[in-house]
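A.B. asks: Got a structure for you, questions after.
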């Protein structure tokens, strides 16, 4: 099972952590795993390239642990309100997309949101 925990501070989504293999199919043939991996990289690339914002990510292929975060989603770290909205929105969109997948893949996927203060880079 893959567990995805999203981090929020107030109303802003600012990151997530993924752990575990879905177990839906064998490695290399698991469409659910491929979907999650693709969406994860979409989030990273959207923040870094489309929104020109810093994104921190770590991928451990052996343990399947993935962490993605961006301080640009938070008002204490990013002055541009539109950029904050866009960055938080892409995290939120991923959260809702995974929740849609839960309807069909509830035995292979767990999704939750926790309130967590961002503990990364310096404030602006």
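Only the coordinates and a few stated rules stand behind these numbers; no lab work does. Fair warning: this is a prediction, and the values are worked out from it, not measured in the lab. Ideal geometry is used to build each Cβ from the backbone, glycine not excepted, and the neighbour counts take in all protein chains shown.
A.B. asks: If packing is taken as the average count of other Cβ atoms within 10 Å, what order do 14-21, 57-64 fall into, highest mean first?
C.D. replies: 14-21, 57-64
A.B. asks: Still on this model: Using only DSSP helix segments of four residues or longer, with each worth -39500 (n - 2.57), what per-residue ellipticity at 222 nm results for the chain after dividing by its residue count and rounding to 500?
C.D. replies: After summing the helix terms and dividing by residue count, I get -11000 deg cm²/dmol.
A.B. asks: Sort 107-118, 79-90 by the packing proxy (mean of other Cβ within 10 Å over each peptide's residues), most packed first.
C.D. replies: Working: 107-118: 14.7, 79-90: 16.8.
Taking the mean over residues of other Cβ atoms within 10 Å, the ranking is 79-90, 107-118.
A.B. asks: OK, next. With a 10 Å cut-off between alpha carbons and a GNM built on the chain, which of 34, 73, 12 moves the most?
C.D. replies: 34
A.B. asks: Of (1) 14, 50, 31, 5, 0; (2) 13, 46, 30, 10, 1; (3) 12, 46, 35, 7, 0, which one was derived for P(r) over Cα pairs in 10 Å bins from 0, in percent from the structure shown?
C.D. replies: (2)
A.B. asks: Normalising by the residue count of the chain, find the relative contact order in percent from Cα pairs under 8 Å and 6+ residues apart. Display every interim value, and only then the final one.
C.D. replies: Numbers: 205 pairs, mean separation 43.9, N = 124.
Relative CO of the chain lands at 35 percent.
A.B. asks: Could you order peptides 36-43, 24-31, 65-72 by the average number of other Cβ atoms within 10 Å of their residues, highest first?
C.D. replies: Ranking, from highest mean packing down: 65-72, 36-43, 24-31.
A.B. asks: Give me the distance between the Cα centres of region 92-116 and region 21-55, rounded to whole Å.
C.D. replies: 14 Å
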